[in-house]
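To keep things clear, I will list the structure first and then write my remarks on it.
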Amino acid sequence: MSKLTGTHSEVSAIDFTTLTTVPGTLKVNPDGHLSAGIIEGAADGRGRGRQVIAVARTCNLIFVVLDVLKPLGDKQIIEAELEGFGIRLNKKPPNITVRKKDKGGINITNTVPLTNIDHDEIKAVLSEYRINNADVAIRQAGVTADDVVDVIEGNRVYIPAIYVLNKIDAISIEELDLLYKIPMSVPVSSKEWLNVDELIEKMWQTLNLVRVYTKPRGLPPDYSAPVVLRRGKCTIEDFCNAIHKEIAKQMKYAIVWGASAKHARGQKVGLDHILEDEDVVHIAKK
């Protein structure tokens, strides 16, 4: 992380040397990283764990850096500590609705079969939280009691994570092939600076971001400072609002060059046009 972001953080060959969060910026793509160590018991405050994990809750993406010589054991420890602080890695919020009401008891509906929990167990969970009147709707297969608890608690965060498997310079090619079977993992060597390009590419894909470049009238595109949007919120209107909320109101039309445009010479579009990564946009005002 220090090499990628140009910041200084205490590191060594000894585990958990890094105990504080150090923000940095990666210039290749507009994204921030935080460098910090999590030890067993972090959720209970060991090794400044609460401060470190509290910062992790605000991230758009978490890098879990593991030693390739013992990846699975450390992976389980880190995941357990993050889980204990309400952080769910590479998961989506359960499609469960719990709507409290004043009377009428517990009414449970499910549009999919319940394989890991039944209605009585759901009622037992609700009773633990002193919820005696509620409508519960389950629209997702395979939900568990933990999923119901997460919805009731309402303070869980769901964050994508990449498992960075470090020190591949110390293992064989056959062992490296096995590492790629770990989901959402990228093997690297920080010492020899191996496979870092793949890590950066994986990071960009996982963040699901879109870079859009501006083109002032009569001037070439400005490739030095892209406007960064998230997929699903990357229309021309979102682009305008990211610069200044008044621009969308003043816009007459926009011209777009790039993957989202129908013509190589550019396409005239409106506010609802969806942009793609590395598009170039000129805004014509009224």
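Data table
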quantity	calculated
Every residue from the stretch 129-178 that is hydroxyl-bearing (Ser, Thr, Tyr), farther than 25 Å from residue 117 by Cβ and part of a strand (DSSP E or B)	163
1 or more residues farther than 30 Å from residue 167 by Cβ: qualifying helices (runs of 4 or more DSSP H) within the stretch 192-286	236-243, 247-250
Selected residue (only one of 247, 236 is buried (at least 16 other Cβ atoms within 10 Å of the Cβ) and touching a residue at least 40 places away in the same chain (Cβ under 8 Å))	236
Spans of strands (runs of 3 or more DSSP E) in the stretch 25-122 with at least 2 residues more than 26 Å from residue 189 (Cβ to Cβ) and at pLDDT 95 or above	96-100, 106-110
Looking only at the stretch 165-213, and only at residues there that are within 24 Å of the chain's Cα centre (by Cα) and among the basic types (Lys, Arg), the one that is modelled with the lowest pLDDT	181
Cβ pairs under 7 Å, 6+ apart, first in the stretch 196-220 and within 17 Å of residue 180 (Cα to Cα), second part of a loop (DSSP other than H, G, I, E, B)	196/188; 199/188; 200/28; 200/29; 203/61; 206/61; 206/160
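The values are calculated or read from the model by the stated rules, or taken from the named source; none is laboratory data. Since the structure is predicted, the reported quantities are computational estimates derived from the model, not experimental observations. As a convention, Cβ positions derive from the backbone with ideal geometry for all residues, glycine included, and neighbour counts pool all protein chains shown.
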